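Encoded as structure tokens, the structure appears first; notes follow it.
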Amino acid sequence: MEPNRKILIFENSHALTNYLLKEWTRIVELSVKDHGKCTVALSGGKTPIEFYSRLSHFAEFDQWHRVHLFQVDERFVPSDDKESNFRTIKENLLDYVPIPPANVHPVRTRHENVLVATEEYKHGLLYFFNVKPHEMPRFDLIILGCGEDGHVGSLHPHLDGLEDPNRLCVPVTDDYFKEERVSLSLAVINNARHIMVMVQGERKAAILKRILEDKEDLPAAKVNAREGELAFLIDRFAASQLSKPSRFTDQGEAVSI
């Protein structure tokens, strides 16, 4: 196993979410103590909804005013569209916790096209993180899902310039997805202090084996915390094709791959 990568397998999504909630609290408190705030990029899709729903009950958490939330990616649809990642995050989390509105930094999709939306999001990152030349924004925590094709964020396997080290944000304008999208780049993702990749369900078993054991040339296989920590959080269904131990605990069973 790579020294900065953990692979944890859980009995079910509830146990996985328990672990992620503990990690959320730990990372937020650690970040606030270290530099006064915690910057987090959240993903859309179905996988993190249970986590967002349960995190929404942390209304008494005393650090919400120091948390700044961004998006890993967004579909180029109105923010109230049923396909909007921001709508998913808002309806399952933001509507229930006392995070200041100024601490929420969504991808704005009101622009005339996805290229303009991407540029605006990029410049927002540059300003917020006070990025110097030849540097990248450094998030404290990035939470990712993983598609059945190995995509993370909206970085799909056939995307041009996937590994460009100088890109902050990527406009996804080809026909791979149903909608055009805006995504954080692989360079920004890999620069985070903590990266959590959630993989759940039997439908993800084949691609997970290709990512972790076969090490195929897929976006999810290229996620690699350069100077931070990377954890794959997997339920036993997604792990069904991996070499793995026969038992699982609430803390997850560590697997060397």
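The values are calculated or read from the model by the stated rules, or taken from the named source; none is laboratory data. Here the structure is a predicted model, which is why all the values come from computation and not from measurement. Glycine gets a Cβ as well: all are built from the backbone with ideal geometry, and neighbour counts include every protein chain shown.
Going by what's in this entry, would LEU93 be described as buried (at least 16 other Cβ atoms within 10 Å of the Cβ), free of Cβ contacts under 8 Å to residues at least 60 places away in the same chain and of a type in the set (A, V, I, L, M, F, W, C)? Here the answer is yes, as LEU93 does meet what is asked.
Cβ-Cβ distances below 8 Å connect the following pairs, each with a first residue in region 208-220 that is within 14 Å of ILE234 (Cβ to Cβ) and without any contact (Cβ under 8 Å) to a residue 60 or more places away in the chain, a second residue that is surrounded by fewer than 22 Cβ atoms within 10 Å (Cβ to Cβ) and not aromatic (Phe, Trp, Tyr), and a separation of six or more residues or different chains: LYS209/GLN241; LYS209/LEU242; GLU213/LEU242; GLU213/SER243; GLU213/ILE257. Is it true that some residue in region 179-193 is closer than 22 Å to HIS105 by Cβ, in a helix (DSSP H, G or I) and without any contact (Cβ under 8 Å) to a residue 40 or more places away in the chain? For region 179-193, residues closer than 22 Å to HIS105 by Cβ, in a helix (DSSP H, G or I) and without any contact (Cβ under 8 Å) to a residue 40 or more places away in the chain: present.
For THR17, the stated conditions do not hold, so it cannot be described as under 15 Å from the mean Cα position of the chain (by Cα) and in a loop (DSSP other than H, G, I, E, B). The set of residues in region 61-74 that are touching a Gly at 6+ places or on another chain (Cβ under 9 Å) and surrounded by fewer than 19 Cβ atoms within 10 Å (Cβ to Cβ) contains only ARG66. In this structure, does GLY124 turn out to be small (Gly, Ala, Ser), farther than 23 Å from LYS46 by Cβ and touching a strand residue (DSSP E or B) at 6+ places or on another chain (Cβ under 8 Å)? For GLY124, the condition - small (Gly, Ala, Ser), farther than 23 Å from LYS46 by Cβ and touching a strand residue (DSSP E or B) at 6+ places or on another chain (Cβ under 8 Å) - is met. Among the residues of region 194-207, which ones are assigned to a strand (DSSP E or B) and on the phi > 0 side of the Ramachandran plot? Scanning region 194-207 gives no hits. In summary, ILE27 fulfils each of the numbered conditions (1) under 24 Å from ASN191 (Cα atoms); (2) free of Cβ contacts under 8 Å to residues at least 60 places away in the same chain; (3) surrounded by fewer than 20 Cβ atoms within 10 Å (Cβ to Cβ); (4) hydrophobic (A, V, I, L, M, F, W, C) with the single exception of condition (2).
Here VAL40, VAL77 are screened, and the one residue that is within 20 Å of the chain's Cα centre (by Cα), assigned to a loop (DSSP other than H, G, I, E, B) and surrounded by 16 or more Cβ atoms within 10 Å (Cβ to Cβ) is VAL77. In region 134-155, the count of residues that are among the aliphatic types (A, V, I, L, M), part of a loop (DSSP other than H, G, I, E, B), more than 25 Å from LEU69 (Cβ to Cβ) and out of contact with any Phe, Trp or Tyr (no Cβ under 6 Å at 6 or more places or on another chain) is zero. Checking region 160-169 against the condition returns no match, with no residue being closer than 24 Å to GLN200 by Cβ, in contact with a Lys or Arg (Cβ under 9 Å, 6 or more places away or on another chain) and either of a type in the set (S, T, N, Q) or not in a loop (DSSP other than H, G, I, E, B) (or both).
Looking at ALA206, ALA239, ALA221, just one residue is of a type in the set (Gly, Ala, Ser) and modelled with pLDDT under 95, and that residue is ALA239.
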